[in-house]
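**Student:** The structure follows.
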Amino acid sequence: MEKSKKSILDHLLDISNGRCLITEAGIAAEQDPAVREILTGLLMLHEGVRCRDEQAARQSRRLMKSDKRFRSAFENTGVGMVLADRNGRFESANRSMRNFSGYGEAELYSQTYFDLIHPGDLEYFSKQHLRLVDEDNPEGFFQAELRFIQKDKSIAWARVNVALLSGDVAGENHTIAHIEDLTTSRLVAEKLKFSESRLALQINRTPLGVINWDTDFKVREWNPAAEEIFGYSREEALG
């Protein structure tokens with residue numbers, strides 16, 4: 001009986017080390033019914049451990065593949081992306097964010113959102129960020145168009161989307177942010193607005209009557225000179 005107990009202990013050690021020498025034929029040859037029952041249970045235990053380990057290995061491979069895809073997408077996307085801790089300190093920043101800010105990778109890791117955002121937009125961002133990391137934002141994200149101060153001290157505009165990444169432990173919430181550079185489109189819009197303002201000023205000052213119709217022949221523009229020439233006020237002409 002002592003020999004049987006030792007054999008069972010050996011089998012347990014084998015299973016704990018990922019091995020199993022128990023076979024169905026060996027179980028059938030065992031004379032002691034109690035030992036056969038124990039060996040059958042050990043064989044089932046080994047099969048369960050083996051299946052669990054295989055599932056864990058498959059899950060690990062899937063996670064590694066998923067993590068690799070995420071890191072590739074994170075680094076190579078055309079939009080700036082950062083991962084930051086609860087205090088807004090950057091833990092990871094992609095190539096587009098480095099190009100946008102002008103800072104190198106190591107330099108960015110010593111920065112926070114609050115170091116880069118323009119003072120004129122900082123109060124709004126700080127309030128929204130605090131609500132987010134304190135989980136006081138039911139949507140779990142916020143977005144805004146903000147000014148940033150780049151490394152060379154120039155001002156850049158960006159559309160910012162910041163989302164919450166809840167931590168497993170209270171107080172460990174992180175954020176992920178998409179930062180889309182709007183500087184060029186903002187400059188174009190400002191130049192267009194300036195050009196339109198200059199054109200409106202010239203129309204109002206010219207001694208020539210300027211009238212503009214739409215496709216339905218409704219008057220859309222009627223300058224002061226047109227009022228004087230035709231005797232109708234702008235309000236009357238526009239109807």
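The values are calculated or read from the model by the stated rules, or taken from the named source; none is laboratory data. Keep in mind that this is a model prediction, so the values were computed, not measured. Cβ: placed from backbone, ideal geometry, glycine included. Neighbour counts: every protein chain shown.
**Student:** Would you mind finding the one in 166, 101, 96, 110 that is modelled with pLDDT under 90 and small (Gly, Ala, Ser)? Spell out the reasoning first.
**Tutor:** Numbers: 101 fails: modelled with pLDDT under 90; 96 fails: modelled with pLDDT under 90; 110 fails: modelled with pLDDT under 90.
Residue meeting the stated conditions: 166.
**Student:** Taking residue 207 and the conditions (1) out of contact with any His (no Cβ under 9 Å at 6 or more places or on another chain); (2) under 30 Å from residue 117 (Cβ atoms); (3) modelled with pLDDT of 80 or more, which numbered condition does it fall short on, given that it satisfies the others?
**Tutor:** The one condition residue 207 does not meet is (2).
**Student:** Please go through segment 166-186 and pick out each residue that is loosely packed, with under 14 Cβ neighbours inside 10 Å and either on the phi > 0 side of the Ramachandran plot or within 12 Å of the chain's Cα centre (by Cα) (or both). Lay out the reasoning, then the answer.
**Tutor:** Pass one, segment 166-186, residues loosely packed, with under 14 Cβ neighbours inside 10 Å: 166-172, 184-185.
171, the sole residue that qualifies.
**Student:** Which of the residues belonging to segment 108-158 are of a type in the set (Asp, Glu) and within 16 Å of residue 89 (Cβ to Cβ)?
**Tutor:** Narrowing segment 108-158 to residues of a type in the set (Asp, Glu): 115, 121, 123, 134-136, 139, 145, 152.
Scanning segment 108-158 gives a single hit, 115.
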